[in-house]
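> I have a structure I would like to understand better, so I am pasting it below and will then ask my questions one at a time.
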Amino acid sequence: MTSIRLAVEADIHHGDDHMTKLGSAALPLLCAFARFVAEARPDAVIDLGDRISDRDRDRDLVLQHEVAAAFRLIDAPVYHLCGNHDRGHLDVADNEAILGQSLANTTLDIGAWRLVLWRADSRICRPAHDGQHGFVLAEPDLLWLANVVREADRPLAIMSHVPISGHAQIGNYYFERNPSLSTYPGAERARAVLRMARVPVVCIAGHVHWNTLRLVDGIPHLTLQSLTESFTTHPAPAAAWALLELGEAIAWQVHGADRFAQTLDPAATLRRWVPPLARIGESAR
Ligand SMILES: [Fe+2]
């Protein structure tokens with residue numbers, strides 16, 4: 001089977017330096033990423049979102065245009081997702097106009113794999129259903145993913161801004177004390193959708209600004225370090241991007257100052273684990 005290769009970057013956060021996000025380094029690092037892509041010649045480039053650090057509508061439009069101009073240096077098909085900072089003061093339509101592409105949920109077959117661009121709603125600054133601020137996993141987004149999984153006749157590489165593994169945030173600069181903002185409330189419903197898969201699946205997300213692999217029910221969930229984050233590589237930015245090779249193996253390699261590599265067997269992602277035990281004391285012997 002011929003393998004396919006995807007270059008992936010996340011959380012560019014172009015703008016002012018803010019906490020450990022070194023947004024002033026974003027454009028030079030994007031140029032370095034463009035040089036990497038020119039050398040690696042992947043089949044496609046995926047931008048997992050949070051292209052800017054948002055401030056107000058006028059400023060955000062300028063920042064988004066500057067990032068879009070940097071992406072025009074890349075000589076490969078580029079697919080963007082929106083993160084919460086791309087939606088702070090801008091609509092999806094604003095981002096679509098600037099980037100020149102639809103940002104609706106879509107799939108794309110590349111070689112033997114199906115690239116799933118799950119552009120689920122990534123706004124964060126609004127009251128959620130329970131009155132708290134947070135993400136909302138919109139029902140149409142969940143149902144769209146369920147349909148993709150149900151209809152899949154080839155392996156799925158699912159891209160989203162927000163991770164749905166529900167992995168622990170201990171040690172994470174942003175999310176150790178704010179874990180509810182690290183994922184969707186109700187992400188377990190998305191994981192239940194993935195459990196229906198009868199084809200190999202790998203999930204890739206940004207947002208949490210660190211490299212992780214979390215296996216849930218046999219399915220690998222990877223998160224990619226941000227291009228400009230510095231909490232793991234202080235005081236320098238992580239300068240992270242990844243190459244994902246999909247073929248006989250799922251090979252994930254993060255380049256830059258925060259290196260991380262994993263090799264996974266696609267067939268192993270088809271295994272479904274024994275459902276977790278009930279609370280001790282309530283379970284049968
Ligand atoms: Fe984010």
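> How many residues, within segment 177-196, are more than 16 Å from the ligand (Cβ to nearest atom) and either charged (D, E, K, R) or in a loop (DSSP other than H, G, I, E, B) (or both)?
7
> Considering only segment 198-215, state which residues are over 13 Å from HIS255 (Cβ atoms) and either surrounded by 18 or more Cβ atoms within 10 Å (Cβ to Cβ) or among the hydroxyl-bearing types (Ser, Thr, Tyr) (or both). Reasoning before the result, please.
Within segment 198-215, the subset over 13 Å from HIS255 (Cβ atoms) is 198-210, 212-215.
Hits for segment 198-215 are PRO200, VAL201, VAL202, CYS203, ILE204, ALA205, GLY206, HIS207, VAL208, HIS209, TRP210, THR212.
Every residue, every condition in (1) of a type in the set (Ser, Thr, Tyr); (2) free of Cβ contacts under 8 Å to residues at least 60 places away in the same chain; (3) in contact with a Ser or Thr (Cβ under 8 Å, 6 or more places away or on another chain), yes or no:
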residue: SER24; (1), (2), (3): yes, yes, no
residue: ASP43; (1), (2), (3): no, no, no
residue: ILE52; (1), (2), (3): no, yes, no
residue: ARG72; (1), (2), (3): no, yes, no
residue: VAL78; (1), (2), (3): no, yes, no
residue: ASP86; (1), (2), (3): no, yes, yes
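> Go through segment 224-243 and give me each residue that's crowded, with 23+ Cβ neighbours inside 10 Å and either within 16 Å of the ligand (Cβ to nearest atom) or closer than 20 Å to LEU115 by Cα (or both).
Scanning segment 224-243 gives LEU224, GLN225, SER226, LEU227, THR228, GLU229, ALA238, ALA240, TRP241, ALA242.
> Tell me yes or no: at least one residue of segment 6-29 is touching a strand residue (DSSP E or B) at 6+ places or on another chain (Cβ under 9 Å) and either within 21 Å of VAL148 (Cβ to Cβ) or modelled with pLDDT under 95 (or both).
yes
> Cβ contacts < 7 Å: first residue farther than 14 Å from ASN84 by Cβ, restricted to segment 134-145; second residue of a type outside the set (Asp, Glu) and part of a helix (DSSP H, G or I), any location; separation 6+ or different chain. Result?
As it stands, the answer is LEU142/ARG189; LEU142/ALA190; LEU142/VAL193; LEU145/ALA190; LEU145/VAL193, since those pairs meet every condition given.
> List pairs: first in segment 194-217 and within 21 Å of HIS85 (Cα to Cα), second assigned to a strand (DSSP E or B) and within 15 Å of the ligand (Cβ to nearest atom), Cβ under 6 Å, 6+ apart or cross-chain?
ILE204/MET159; ALA205/SER160; ALA205/THR223; VAL208/THR223; HIS209/GLU229
> Go through segment 218-235 and give me each residue that's part of a loop (DSSP other than H, G, I, E, B), touching a residue at least 24 places away in the same chain (Cβ under 8 Å) and not polar (S, T, N, Q).
Listed by number, the residues that qualify are GLY218, LEU224, LEU227, PHE231, HIS234.
> Tell me, which strands (runs of 3 or more DSSP E) wholly within segment 44-114 include 2 or more residues that are within 16 Å of the ligand (Cβ to nearest atom)? Walk me through it before giving the result.
Numbers: elements: 44-47, 78-80, 106-110.
Those strands (runs of 3 or more DSSP E) span 44-47.
> Moving to a separate point now. Exactly one of (1) within 16 Å of the ligand (Cβ to nearest atom); (2) more than 20 Å from HIS18 (Cα to Cα) is unmet by PHE36. Its number?
Against the list (1) within 16 Å of the ligand (Cβ to nearest atom); (2) more than 20 Å from HIS18 (Cα to Cα), PHE36 comes up short only on (1).
The values are calculated or read from the model by the stated rules, or taken from the named source; none is laboratory data. Computed from a predicted model, the values in this text were never measured in an experiment. Virtual Cβ from ideal backbone geometry, glycine too; neighbours counted across all protein chains shown.
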